[in-house]
Amino acid sequence: MSFPTKYKYVIIGAGIHGLSTAYHLAKELKQKKVGSGKDILVIDKAAIGAGASGIACGIIRNNYFQPAMRELIAHSVALWEEDVEGYGYRPVGYMQISCESMHADVAGIYKQQQEIGYESLFIEGEKECLKYMKKNIFYDWQAKNITSILHEKKGGYAHNTKALYCLADKAEAEGVRILTGVKVTGFKTNKNSVTAVKTQKGDIECDYVIIGAGPWAKSFWDMLDLPDQIDIKDNDGNIHKNAKMWTYLCLVEPIFQRGRFANN
Ligand SMILES: Cc1cc2nc3c(=O)[nH]c(=O)nc-3n(C[C@H](O)[C@H](O)[C@H](O)COP(=O)(O)OP(=O)(O)OC[C@H]3O[C@@H](n4cnc5c(N)ncnc54)[C@H](O)[C@@H]3O)c2cc1C
């Protein structure tokens, strides 16, 4: 097949976001009778799962502290449940077993889960937690100072590579084309719209571009000449001017192995 010069939808990144978007967009276009997977191209500079999706631990949980995530994750868990075998999904649930300093935060998460009907249990108090763990999980549980347990009945873990290739197969079955080894280097724009994606192998004209580039998102932000600093409104409505758009928190090995590497 020759290198494409035009596609209606170009999705950059063949990780979990790019592939899932391709598959679900293809189904949506077909269902609405406004197109099909044949209108969609996924490109990746390396390979399927070459980014974070290929090294993720595969844990599927809904106890992130950010409230905005709650319904999104509930929706995402429902998608995993659609093809348990294909995605290598093991719906064993998820537990957050915490000490007292985390009690109030986890209680807040539990409350939000109840509000949206996401099934979970919250056990409070050291004695109750010990009893729950011994009775339901490990009869010889011994950990001390545990004062709360959030037991999500949904979620679990999945085999990340299996899930990615399953999504790629599903997308291709809908007519999506996936091209690997194609690096995006920039965009052609007209006023504020992207009209083509520039790659090392040539330009691809498009009506819509979807960037699923995970940790490489900043490089696309830069390619689009978007600002390094932005204004942010806090919970009280105050505007913080010129906040840095990108901040990277870098965990380096010595943090985990301080004893061994402290003097390096
Ligand atoms: C060690 C680790 C463990 C994790 N564990 C979990 C977990 O247990 N549960 C969980 O939910 N999340 C986990 N995460 C987070 C999760 O992996 C990511 O949020 C998710 O994989 C991001 O997917 P993505 O598709 O957005 O990005 P990615 O999977 O990173 O995909 C981006 C793709 O874009 C491509 N790309 C980049 N630049 C270009 C370019 N210029 N041109 C063309 N292609 C380009 C890359 O090659 C890559 O394949 C973990 C992350 C890490 C690093």
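Filtered by the rule that a residue be in contact with a Lys or Arg (Cβ under 9 Å, 6 or more places away or on another chain) and either within 9 Å of the ligand (Cβ to nearest atom) or farther than 18 Å from residue 8 by Cβ (or both), the range 186-196 gives a lone residue, 186. The single condition among (1) within 16 Å of the ligand (Cβ to nearest atom); (2) aliphatic (A, V, I, L, M); (3) touching a helix residue (DSSP H, G or I) at 6+ places or on another chain (Cβ under 7 Å) that residue 123 does not meet is (1).
Checking the range 177-187 against the condition returns no match, with no residue being within 30 Å of residue 129 (Cα to Cα), of a type in the set (A, V, I, L, M, F, W, C) and modelled with pLDDT of 95 or more. When 76, 98 are screened for being small (Gly, Ala, Ser), more than 12 Å from the ligand (Cβ to nearest atom), within 30 Å of residue 151 (Cβ to Cβ) and in contact with a strand residue (DSSP E or B) (Cβ under 9 Å, 6 or more places away or on another chain), only 98 passes.
Which one is farthest from the ligand (Cβ to nearest atom), of the residues in the range 173-185 that are at negative phi and exposed (fewer than 15 other Cβ atoms within 10 Å of the Cβ)? In this case the residue turns out to be 173.
When the range 72-124 is examined, which residues are found to be closer than 11 Å to residue 154 by Cα and among the acidic types (Asp, Glu)? The answer is 81, 119. Here 40, 12 are screened, and the one residue that is surrounded by 14 or more Cβ atoms within 10 Å (Cβ to Cβ), within 15 Å of the ligand (Cβ to nearest atom) and in contact (Cβ under 8 Å) with a residue 60 or more places away in the chain is 12.
Within the range 117-152, if we keep just the residues that are under 17 Å from residue 99 (Cα atoms) and of a type in the set (Val, Ile, Thr), the residue that is surrounded by the most Cβ atoms within 10 Å (Cβ to Cβ) turns out to be 149. The requirement of being polar (S, T, N, Q) and more than 16 Å from the ligand (Cβ to nearest atom) is fulfilled nowhere in the range 199-220; no residue meets it. For residue 73, the criteria (1) among the β-branched types (Val, Ile, Thr); (2) surrounded by 15 or more Cβ atoms within 10 Å (Cβ to Cβ); (3) modelled with pLDDT of 95 or more hold in every case but one, which is (3).
Could we say that residue 198 is surrounded by 14 or more Cβ atoms within 10 Å (Cβ to Cβ), of a type in the set (Lys, Arg) and in a strand (DSSP E or B) here?
Numbers: surrounded by 14 or more Cβ atoms within 10 Å (Cβ to Cβ): yes; of a type in the set (Lys, Arg): yes; in a strand (DSSP E or B): yes.
Spelling it out, residue 198 is indeed surrounded by 14 or more Cβ atoms within 10 Å (Cβ to Cβ), of a type in the set (Lys, Arg) and in a strand (DSSP E or B).
Counted as qualifying within the range 1-117 are the strands (runs of 3 or more DSSP E) with 2 or more residues that are closer than 27 Å to residue 130 by Cβ, namely 94-98.
The values are calculated or read from the model by the stated rules, or taken from the named source; none is laboratory data. None of these values were measured; they are calculated from a predicted model. Note that each Cβ is placed from the backbone with ideal geometry, even for glycine, and that neighbours are counted across all protein chains shown.
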